[in-house]
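Derivation of every value follows stated rules applied to the coordinates shown; laboratory data play no part. Since we're looking at a predicted model, the values are computed, not measured. Using ideal geometry, Cβ is built from the backbone for each residue, glycine included, and neighbour counts are taken over all protein chains shown.
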Amino acid sequence: MTVAMMDQARERDPGLLFSAPSVAIETRADGAKIFRSARPLPDYERCIGEWLVRHARDISDRDFLCERESNEPDAQWRRLTYREALAKVEAVATWILRSGLTAETPIAVLSDNSIDHALLSLACAHAGVPVASISPAYSLLSKDHAKLKSIIGQLTPGAIFVADGAPFAGAVTALDGLHKAKIIAGANASGSMISFAELLAHRDEAAVGRAFAGVTPDTVGKILFTSGSTGEPKGVKNTQRMLTSSQVSKAIGWRFLETTPPVTLDWLPWSHTFGANHNFNMILRNGGTMYIDNGKPAPGLLQRTIRNIRDVPGNIYFNVPRGYDLLVAEMKKDASLAKAFFEPLQIVFYAGAALPQNTWDDLVSLSREVGGAPVVLTSGWGSTETSPLATDCHFQAERSGNIGVPAAGVDLKLVPNGDKLEIRVKGPVVTPGYWRRDDITKAAFDEEGFYLIGDAVRFADPLDPGKGLFFDGRVAEDFKLTTGTWVSVGSMRVAGISALAPVAQDIVVTGHGRADMGFLIFANMPACREIAGASAETAAEDVLQHPAVVSRVQLGLRALKGQGGGSSTYATRALLMNEPHSVDAGEITDKGYTNQRAVLARRAALVDELYAGSARVITP
């Protein structure tokens with residue numbers, strides 16, 4: 001990063017970083033509202049490959065992608081410039097074309113983020129062949145590989161890529177007989193596997209140029225699969241139009257992107273729209289630099305992220321709430337880490353779930369201690385089907401949870417649904433449908449073509465729409481108590497995590513068909529051990545039943561009830577769980593979002609125990 005970039009990165013005035021919200025709203029006779037940006041969406045590029053071609057010409061020697069050469073503590077950064085990236089992309093695209101792959105034979109990527117993964121994805125975009133990045137958990141953590149088999153069966157891929165043939169051997173074997181794809185390995189290629197190095201052997205610029213010229217805004221660039229928590233995973237078609245319009249819209253709100261190249265350290269998986277379409281494409285479109293984080297907010301991996309933060313002076317940081325929660329705990333203990341993290345930052349961006357207010361407050365406090373002024377904290381909202389930008393908080397909200405205003409080019413339909421406003425989305429950022437699933441595609445849109453996302457929102461200020469929207473839960477997740485009172489699961493989950501900090505890593509809200517609300521708590525075991533004064537050898541169940549831990553949960557339950565309100569605003573009972581989320585059961589996504597319905601279905605016996613009042617149940 002240059003000195004000029006660093007100086008600008010320290011600017012934390014939202015008025016200089018963002019365009020002020022400008023919105024228009026129309027209220028229909030049936031009570032529905034059409035909410036949109038008053039700023040028009042300018043022309044956007046034909047495809048994302050145009051960004052790479054332009055940067056390879058204009059900023060050819062700027063670092064585009066960087067990754068550690070290994071996971072060893074002293075490993076150096078491998079760096080790839082924009083010029084080098086385009087040359088390698090054209091070589092891989094040559095292999096794709098010579099292998100006879102087409103728009104109907106995508107390339108499936110089973111591995112996590114890496115430079116090879118990026119080159120393969122960009123080469124697919126150049127050649128007009130879709131790429132499908134698939135959660136590595138389906139290969140490495142799943143016991144039955146059921147979701148992986150379902151996805152490969154739907155895709156009928158022409159090639160499958162794994163970063164390392166050794167750890168993925170079990171997954172590759174599990175797929176035998178389900179495809180006719182060539183297997184590519186970045187390392188440890190064995191048997192009939194093709195080494196990724198072979199894809200770089202030849203470069204036919206003329207052939208690739210002809211294929212690239214044939215890519216249109218409606219070409220399917222990638223297929224991203226939903227988590228499949230309510231059935232088998234669904235492949236969402238992401239067109240080039242979706243990908244380019246989304247980033248042009250982003251730059252309208254985040255105006256500093258036009259003058260300040262973004263630099264970020266990022267772990268968020270490219271099998272999800274947040275990491276792939278929002279973060280990676282922001283770097284690509286705006287000529288920035290991405291350092292691929294080989295850590296993540298998980299046991300044994302967080303220390304890698306911390307080491308990387310000390311190395312990378314990024315001006316934007318992206319994460320999910322769980323990631324910030326873990327980083328805050330470390331920065332409270334280590335002032336030098338807080339300094340390395342906050343000093344160069346312009347923006348802290350969270351998404352994937354609501355950020356608990358206590359974590360928001362901690363981030364503000366720590367950033368003030370480092371730089372005297374608070375870091376800008378912001379968010380947005382969307383889904384895999386909206387690529388993902390549907391709303392963007394391009395202003396400094398007063399507190400956590402504000403998802404902003406409609407992105408330029410996006411129309412939101414807000415439809416009264418009970419006591420909530422159901423939100424629907426229309427615009428160039430929205431998918432045309434699901435891969436080879438015309439049946440569910442039709443059902444995903446209303447009669448006007450608005451995508452039925454299933455979320456609810458509320459206005460931050462009903463008299464001033466420009467102050468943004470708050471996510472108000474999933475329509476299907478909310479339920480009624482037997483008293484007839486509705487429970488807003490999304491808001492209760494966030495309130496519960498804040499009240500029970502630091503004991504609760506996440507919370508599942510219970511009470512459907514019952515008289516009162518309860519919490520199943522995924523315990524933050526390191527925090528619980530610290531509260532209990534327990535060693536690493538102490539059994540987890542003994543830690544969770546320690547009087548100090550129980551007392552902390554009771555304190556949080558009493559605090560929630562003390563805030564006032566009816567039975568839908570506090571839990572009367574809680575149960576601490578040590579068993580982690582199940583990937584096979586769809587209880588959690590790669591980003592760390594807990595699927596409420598999947599957990600309640602799998603752990604029905606714990607819900608019964610919660611209301612039967614066993615010795616493990618904690619009450620205020």
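Using all C-alpha to C-alpha distances in the stretch 363-516, build P(r) with 5 Å bins and read off the rounded percent in each one.
2, 8, 14, 17, 18, 16, 13, 8, 4, 1, 0, 0
Just from its helices, what would the mean residue ellipticity at 222 nm be for the chain, if runs of 4 or more DSSP H residues each count -39500 (n - 2.57) and the sum is divided by every residue, rounded to the nearest 500 deg cm²/dmol?
-9500 deg cm²/dmol, from helical runs alone.
Ranked highest first by the average count of other Cβ atoms within 10 Å around their residues, in what order do 603-611, 131-139, 26-34 fall?
131-139, 603-611, 26-34
Among the aspartates and glutamates, which have Cα under 19 Å from the Cα of Lys33 when same-chain residues fewer than 8 positions away are ignored?
Qualifying aspartates and glutamates at Cα under 19 Å: Asp392, Asp411, Asp419, Glu422, Asp446, Glu447, Glu448, Asp455, Asp461, Asp464, Asp472.
Are any of the pairs Lys149/Lys250; Lys250/Lys413; Lys149/Lys237 more than 24 Å apart by Cα-Cα distance, and if so, which?
In this structure, Lys149/Lys250 lie more than 24 Å apart at Cα.
Dipole size in debye (nearest 20) for the stretch 479-612 around its Cα centre, Lys and Arg Cβ +1, Asp and Glu Cβ -1?
The dipole magnitude comes to about 600 debye.
Work out the length of the dipole vector of the chain about its Cα centre, built from +1 on the beta-carbon of each Lys and Arg and -1 on the beta-carbon of each Asp and Glu, and round it to the nearest 20 debye.
Approximately 480 debye in magnitude.
Sorted from largest down, what three extents in whole angstroms do the Cα atoms of the stretch 79-215 have along their principal axes?
So the extents along the principal axes, rounded to whole Å, are 44, 31, 24.
Measure nothing fancy, just the Cα-based angle from helix 82-98's long axis to the longest principal axis of the chain, in degrees from 0 to 90, nearest 10.
80 degrees
Starting from a Cα-only point model with no solvent, please compute log10 I(q)/I(0) by Debye for the stretch 342-441 at q = 0.18, 0.23 1/Å.
Taking Cα atoms of the stretch 342-441 as identical point scatterers yields -0.92, -1.19.
Which net charge results for the neighbourhood of Pro106, defined as the other residues with beta-carbon distances under 14 angstrom from its beta-carbon, given Lys and Arg at +1 and Asp and Glu at -1?
Value of the local net charge: +4.
Is the shape of the stretch 211-283 best called rounded, prolate or oblate, per the rule: a/c under 1.5 gives rounded, else a/b larger than b/c gives prolate, else oblate, with a ≥ b ≥ c the square roots of the Cα gyration tensor eigenvalues?
Oblate, because a/c is 1.5 or more while a/b does not exceed b/c.
What is the distance in Å between the Cα centroid of the stretch 42-99 and that of the stretch 444-513?
40 Å
Say each of Asp13 and Ala476 gets a label point 7 Å from the Cα, pointing the same way as Cα to Cβ; how far apart are those two points in nm?
Result: 4.7 nm between the two label points.
Which of Pro344, Cys47, Thr173 sits closest to the plus end of the dipole of the chain, meaning its Cα is farthest towards the positive end, when Lys and Arg get +1 and Asp and Glu get -1 on the C-beta?
Checking the options against the dipole of the chain, the answer is Cys47.
Can you tell me the FRET efficiency between Asp446 and Ala38 if r is taken as the Cβ-Cβ distance and R0 is 30 Å, rounded to the nearest 0.05?
Once rounded, the FRET efficiency stands at 0.80.
Would you mind calculating the gained length between Ala373 and Asp439 on full extension (0.36 nm times residue separation, minus the Cα-Cα distance), in nm to one decimal?
Working it through step by step, the gained length comes to 18.5 nm.
Is the shape of the chain best called rounded, prolate or oblate, per the rule: a/c under 1.5 gives rounded, else a/b larger than b/c gives prolate, else oblate, with a ≥ b ≥ c the square roots of the Cα gyration tensor eigenvalues?
Since a/c stays below 1.5, the shape of the chain is classed as rounded.
Relative to the longest principal axis of the C-alpha atoms of the chain, give the angle of the C-alpha long axis of helix 357-371, reported between 0 and 90° and rounded to the nearest 10°.
60 degrees
Between rounded, prolate and oblate, where does the stretch 486-576 land on the alpha carbon gyration tensor, with a ≥ b ≥ c its root eigenvalues, rounded for a/c under 1.5, else prolate if a/b exceeds b/c?
It is prolate, given that a/c is not under 1.5 and a/b is the larger ratio.
Would you mind computing, in nm to one decimal, how far apart the modelled labels at Ala335 and Trp77 are, each placed 7 Å from Cα along Cα→Cβ?
With each label point 7 Å from Cα toward Cβ, the separation is 2.7 nm.
What is the projected area of the convex hull of the Cα atoms of the stretch 456-508, averaged over all directions, in nm²?
The orientation-averaged projected area of the Cα hull of the stretch 456-508 comes to 5.0 nm².
Report the label-to-label distance for Glu198 and Ala298 in nanometres (one decimal), using points 7 Å from each Cα along the Cα→Cβ vector.
3.0 nm
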